[in-house]
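Everything below concerns the one structure shown next.
The values are calculated or read from the model by the stated rules, or taken from the named source; none is laboratory data. None of these values were measured; they are calculated from a predicted model. Positions of Cβ are backbone-derived with ideal geometry, glycine not excepted, and every protein chain shown enters the neighbour counts. We work out accessible area using only protein heavy atoms, side chains counted, and drop any ligands, DNA or RNA first. Shrake-Rupley method; radii C 1.70, N 1.55, O 1.52, S 1.80 Å.
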Amino acid sequence: MFQIRPNRIKYLLIILLFQPVMSVSAQQIDTVFLKTLLQSHPELFNHVLNHPTHNEVQILYTQIDRDENNVPHFTSYSYRLNANHYFYPASTVKLPTAIFALEKLNELNIPKLTIKSTMKTDSSFAGESKKEQDTLAANGLPSIEQYIKEILLVSDNFAYNRLYEFVGRGEINDKLKKYNLNHTRIVNRLAVGDGGEASKHTNAIDFYKGDKLIYHQPAQYDSREYPMHLDNMVMGKGYMDRNDKLVMQPMDFSHNNVYTIEDQQSVLKRLIFPEAYPKEQQFNLTEDQYKLIYKYMSMYPTESKHPTYSPPEYYPAYCKWLFYGGDSLAVIEPHVRIFDKIGDSYGFNIDNAYIVDFKNKVEFMLTAVAQSNDADIYNTNKYEYKTVTLPFMKNLAQLIWQYELKRSRKYAPDLKKFKFHY
């Protein structure tokens, strides 16, 4: 493991002292510190820093300082953060969708309808699929709880699709606006070529307790459009179409999901630190629901029972891009836990993480995206994840962790609410 050399720490602290550091609440974010930090390690980051497009990197790093009452206060630093510059968010959209599924369940407030209720999804429109069983569940039956576990543990696409259908496209986007996530839209299922009219239709769903129907949700239709005109929504010089034929023209992402780095960290911050928000801006979740999300966000796939995930396909660092780089041979730090949601597609790797070191009383938030697609051809599954973006993610988080270990704090955080038996 690399260390930040003492002279670099001193230099970076001087930078911090003389830079106008603003809190997130002031909506002004320091843009110098991270650039200086990356440039201080050319052996790790020059490939990205010197790349013509900087590999589409955007970073948001937030320091957390507790007061005497353990209330968190935030100070953020960014690198190339730009809400108007598009990147494909991939599976990161699954976290807000899972949260909104729990909120909808609570708002329905139907007797005997719980996160454990059997959830049977019908096929209501062209291209939709039924789902009445789940072999990963202990009882072989799907439920909201089971889908959330599968999303958080291994980023299961079809678990997300079922929750997208339960909440409905219209309600998902209304909730985004409610929480001031104004640079985000979620308008597609994943991994099924969803788009156009099909994405506006969502399946009929029935919930059961045993053989008894508790709640029937009819098929839904969202007639609204959610136009967003961002830079970089047309990318590359070619792509593979659904018939695996090369089309030599740029790929158009203008009708896909949008989820900016700042909005991603906003969702995570609201989830991890609800007490930092006014009551009306907190997610409508119960204490047990918060604990469910925290536990499975931070659990390694190999620690889970029902669903059970085993090597070699799954390994502890499977969905931990930041800090471990998704390395199947990574040595896991026993006192570090990563509460995160990753995404990878079209050459983009994204990770949105709250990282906790229980032994050293260190906590910070880090959200980043990087792209590896030197061929500039999309939908090929031939990207430089292992040589470019995943090492970048690992080195970035490790570097900031090393910095955080040396950063002074007036009050040590009380982190017991994030400790779980796995």
_When you check Leu105 against the structure, is it touching a helix residue (DSSP H, G or I) at 6+ places or on another chain (Cβ under 7 Å) and of a type outside the set (D, E, K, R), yes or no?_
yes
*Which pairs have Cβ atoms under 7 Å, sit 6 or more apart or on different chains, and link a residue in the stretch 399-419 that is in contact (Cβ under 8 Å) with a residue 24 or more places away in the chain to one that is among the hydroxyl-bearing types (Ser, Thr, Tyr)?*
Ile400/Tyr61; Phe418/Tyr294
*In this structure, is Asp344 closer than 30 Å to Met248 by Cβ, of a type in the set (Asp, Glu) and either touching a residue at least 12 places away in the same chain (Cβ under 8 Å) or surrounded by 14 or more Cβ atoms within 10 Å (Cβ to Cβ) (or both)?*
yes
_Failed condition for Phe207, given (1) without any contact (Cβ under 8 Å) to a residue 24 or more places away in the chain; (2) within 21 Å of Asn161 (Cβ to Cβ); (3) part of a strand (DSSP E or B)_ = (1)
*Just give me the residues in the stretch 26-54 being among the polar types (S, T, N, Q) and under 16 Å from Thr387 (Cα atoms), in sequence order.*
Asn46, Asn50
*Can you pull out the residues in the stretch 210-241 that are β-branched (Val, Ile, Thr) and either over 19 Å from Leu163 (Cβ atoms) or open to solvent by 60 Å² or more (accessible area, probe 1.4 Å) (or both)?*
Val234
*Regarding Asn109, is this residue over 24 Å from Gln146 (Cβ atoms), polar (S, T, N, Q) and modelled with pLDDT of 95 or more?*
no
*Neighbours by Cβ (under 9 Å, 6+ apart or cross-chain): first from the stretch 275-291, touching a residue at least 40 places away in the same chain (Cβ under 8 Å); second open to solvent by 50 Å² or more (accessible area, probe 1.4 Å) and of a type in the set (S, T, N, Q)*: Gln281/Asn180
*Only one of (1) closer than 23 Å to Phe74 by Cβ; (2) free of Cβ contacts under 8 Å to residues at least 40 places away in the same chain is not met by Thr302, so which one is it?*
(1)
*Would a scan of the stretch 212-223 turn up a residue that is farther than 23 Å from Gln264 by Cα, out of contact with any Cys (no Cβ under 8 Å at 6 or more places or on another chain) and at pLDDT below 95?*
no
*Which number in (1) open to solvent by less than 10 Å² (accessible area, probe 1.4 Å); (2) closer than 18 Å to Ala98 by Cα; (3) of a type outside the set (Lys, Arg) marks the one condition that Tyr290 misses?*
(1)
*Considering only residues of the stretch 169-201 that are farther than 24 Å from Asp252 by Cα and not in a helix (DSSP H, G or I), which is most open to solvent (accessible area, probe 1.4 Å)?*
Asn180
